[in-house]
Amino acid sequence: MIRLDKVSKTYRTDKVETLALKDIDLHVRQGEFVAMMGPSGCGKSTLLNLIGLLDRPGQGTIEIGGTPLKRYADRQLARLRNRTFGFIFQRFHLIPDLRVIDNVELPLLYRSVKGAERRGLAQAALEKVGLGARLDHYPNQLSGGQQQRVAIARAIVGQPQVLLADEPTGNLDSRMGAEVMDILLKLNEEGTTVVMVTHDEQEARRADRIVRVFDGQLVA
């Protein structure tokens, strides 16, 4: 479903050139749960951003569903990204002045989904993560684990094919982290492809496959 061939990424400033990724070959199959591990600064988040079309590679090719994306314009990539991927981050990135249900609805605004349908989809996503009774709460009225579940609901409200999770349990205690992992595994069992960056070996072992990154390259 997702294929990267000889992908490299270099960041340049006036004085410094940093090779973030080099010659990455990676294939993620539909319905797979892949965990990416490696030390801080090794390129994991850069790789996740390239997979999620948040950035473009310097060299190499990326294919989604068999379609090469090299010639896609930014607007085409944005449309594909919005319909294909859901994103979960270590920081929850909830808007504090919006209610839970309004936060979850946000991705649907970019699809011009009508209000009543948006509300129904957001409520269903929140019920799926066990927060159906918290629709009208604000983020500061929730625990860290509950806020991350809201972030997951926001990521899945558009029914994406792929969830990309960057350290989704990094700000949570072990109990709440386990709850979030259970949700991700259940979504995967229902058919959603998951690619997750983690430093936690125990969490990674619950995935179908572990991909290890070191100094910008994949290692065995």
Practice item. Collect the residues in the range 41-65 that are without any contact (Cβ under 8 Å) to a residue 24 or more places away in the chain and surrounded by fewer than 17 Cβ atoms within 10 Å (Cβ to Cβ), keeping them in residue-number order. Key: Gly41, Arg56
Review point. Residues that are within 17 Å of the chain's Cα centre (by Cα) and not basic (Lys, Arg): which strands (runs of 3 or more DSSP E) entirely in the range 121-218 hold 3 or more of them?
Key: 162-166, 193-197
Review point. Is there a residue being surrounded by 13 or more Cβ atoms within 10 Å (Cβ to Cβ), touching a Lys or Arg at 6+ places or on another chain (Cβ under 7 Å) and not basic (Lys, Arg) anywhere in the range 202-210?
Key: no
Point to revise | Selected residue (only one of Leu80, Leu108 is more than 19 Å from Asp182 (Cβ to Cβ), surrounded by fewer than 17 Cβ atoms within 10 Å (Cβ to Cβ), under 18 Å from the mean Cα position of the chain (by Cα) and of a type in the set (A, V, I, L, M)) | key: Leu80
Check your understanding: Among the numbered criteria (1) free of Cβ contacts under 8 Å to residues at least 60 places away in the same chain; (2) surrounded by 13 or more Cβ atoms within 10 Å (Cβ to Cβ); (3) of a type in the set (Asp, Glu), which single criterion is violated by Asp173?
Key -> (2)
Exercise for review: All but one of (1) of a type in the set (Phe, Trp, Tyr); (2) crowded, with 16+ Cβ neighbours inside 10 Å; (3) within 29 Å of Glu201 (Cβ to Cβ) hold for Tyr11, so report the exception by its number.
Suggested key: (2)
Check your understanding: What strands (runs of 3 or more DSSP E) lie completely within the range 1-82 and have 2 or more residues being over 19 Å from Thr193 (Cβ atoms)?
Key -> 2-12, 17-28, 59-64
Practice item. Tally the residues that are in a loop (DSSP other than H, G, I, E, B), in contact (Cβ under 8 Å) with a residue 12 or more places away in the chain and either of a type in the set (Gly, Ala, Ser) or on the phi > 0 side of the Ramachandran plot (or both), restricting the search to the range 86-113. Key: 1
Check your understanding: Scanning the range 153-180 for residues that are modelled with pLDDT under 95 and aliphatic (A, V, I, L, M), which turns out nearest to Ala122 (Cα to Cα)?
Key -> Val180
Check your understanding: Is there a residue being more than 14 Å from Glu32 (Cβ to Cβ), in contact with a Phe, Trp or Tyr (Cβ under 7 Å, 6 or more places away or on another chain) and in contact (Cβ under 8 Å) with a residue 24 or more places away in the chain anywhere in the range 155-165?
Key -> yes
Practice item. Out of the residues in the range 5-18 that are of a type outside the set (Lys, Arg) and more than 10 Å from Gly58 (Cα to Cα), state the one that is modelled with the highest pLDDT. Key: Asp5
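The values are calculated or read from the model by the stated rules, or taken from the named source; none is laboratory data. Note that the coordinates shown come from a computational prediction; the quantities given were computed from them, not determined experimentally. Every residue, glycine as well, gets a Cβ built from its backbone with ideal geometry; the counts of neighbours run over all protein chains shown.
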